[in-house]
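This report refers to the structure that appears directly beneath it.
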Amino acid sequence: MRLIICDPTDASAIETMRAAGIEVDVRDTITLEELETVIADYHIMVVRSRTTVRAPLIDKATNLKAVIRGGVGVDNIDVAYAESKGIEVRNTPAASSNSVAELTIGYLFALARQIPQVTATMKDGKWEKKAFSKGSELAGKTLGIVGCGRIGAMVGEKAAALGMAVLGYDPFIAEMASCILKEEDLDEIFARSDFITVHVPHTDGTHYILDAAAFAKMKDGVYIVNCGRGGTVDEAALCDALASGKVAGAALDVFEDEKVERGQRLMAFPQVIGSPHIGAGTREATARVGGEVAQIAIEIARR
């Protein structure tokens, strides 16, 4: 069984797969053009977010049995087309959940106290105590969570431990954690929350789930966090809401266009902070993702 690693993967996971008798080729900087010329030689491919798996590549993968996505989402894989060709698509949904949840909580603190902005002034040699002494506590505030799967639930538990009231909206989850008050109406999340965080996949149903109409229903001075998926927040509408003051600040780890624009229009606002899609980027998550990838690959190889 031959396996190709197309994106950076934990070294111990690679050794685990080799020890199980899988022939592993590490080509974690391979281009799509190069991949199309060699993919027919492999039975399993491992990707993360860098490599896209679309129909032209799938058509050339004549011996491929499985695509393993190290991470939560499979947006970069044409799942339906792959499965129509008999190719199994697997991911590791639980491995990075805590890392993303912790980044979300970190962003709540950063927004409430303007930590990145005040740090920047200190690095410039300034002492702007009065300007940055008007932050707020998280305790006593209301957090609205849009999407209460693994990550959303973890965010809710951590926020509740900080003394926040937590509201959750997710039409696909019947029972939420006891610390999250389930709302059946998304408009209630918008109307009641001081902070809103988005943890849904990007689908036709969630595209621009936060749009101009949604922002209009929110409290004045609301804060927005998105460590989920680009395309769930209408960035043009968010820009308008920031410019008007409806949204007091935003923290974004994901963007609609992560190849070219990369959220630059939003990052031009001083009240916006962000990161280049690093939610799962911790040593612990990387090791867990690698471990799950290895387990799945070995399972497939032994069939």
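The values are calculated or read from the model by the stated rules, or taken from the named source; none is laboratory data. All values derive from a computational prediction rather than experimental measurement. Here the Cβ positions follow ideal geometry from the backbone for every residue, glycine too, while neighbour counts run over all protein chains shown.
Restricting the first member to the range 84-102 and to residues that are within 21 Å of residue 281 (Cβ to Cβ), and the second to residues that are in a loop (DSSP other than H, G, I, E, B) and among the polar types (S, T, N, Q), the beta-carbon pairs closer than 9 Å and six or more apart or on different chains are 96/282; 98/282; 99/282; 102/282. In the range 263-281, which residues are at pLDDT 95 or above, more than 16 Å from residue 225 (Cα to Cα) and either assigned to a loop (DSSP other than H, G, I, E, B) or charged (D, E, K, R) (or both)? 265, 268, listed by residue number. Residues considered: 111, 3. Of these, the only one that is surrounded by 14 or more Cβ atoms within 10 Å (Cβ to Cβ), hydrophobic (A, V, I, L, M, F, W, C) and more than 17 Å from residue 289 (Cα to Cα) is 111. Taking the conditions (1) exposed (fewer than 15 other Cβ atoms within 10 Å of the Cβ); (2) at pLDDT 95 or above in turn, residue 178 satisfies each one other than (2). Selection of the range 85-107 for residues being over 30 Å from residue 59 (Cβ atoms), out of contact with any helix residue (DSSP H, G or I) (no Cβ under 7 Å at 6 or more places or on another chain) and crowded, with 18+ Cβ neighbours inside 10 Å yields 102, 103, 107. Scanning the range 41-75 for residues that are without any contact (Cβ under 8 Å) to a residue 40 or more places away in the chain, touching a strand residue (DSSP E or B) at 6+ places or on another chain (Cβ under 9 Å) and assigned to a loop (DSSP other than H, G, I, E, B) turns up 52, 54, 61, 63, 64, 74. Of all positions in the range 174-189, none carries a residue that is assigned by TED's automatic domain parsing to the domain that holds residue 146, under 24 Å from residue 135 (Cβ atoms) and in a strand (DSSP E or B). Within the range 126-142, residues that are under 18 Å from residue 223 (Cα atoms) reach partners that are among the basic types (Lys, Arg) and surrounded by 11 or more Cβ atoms within 10 Å (Cβ to Cβ) with beta carbons closer than 8 Å, at six or more positions or on different chains, in the pairs 132/113; 135/113; 136/113; 142/192.
So which of 170, 187 ends up being in contact with a helix residue (DSSP H, G or I) (Cβ under 6 Å, 6 or more places away or on another chain), closer than 20 Å to residue 201 by Cα and not aromatic (Phe, Trp, Tyr)?
Values: 170 fails: in contact with a helix residue (DSSP H, G or I) (Cβ under 6 Å, 6 or more places away or on another chain).
Result of the check over 170, 187: 187.
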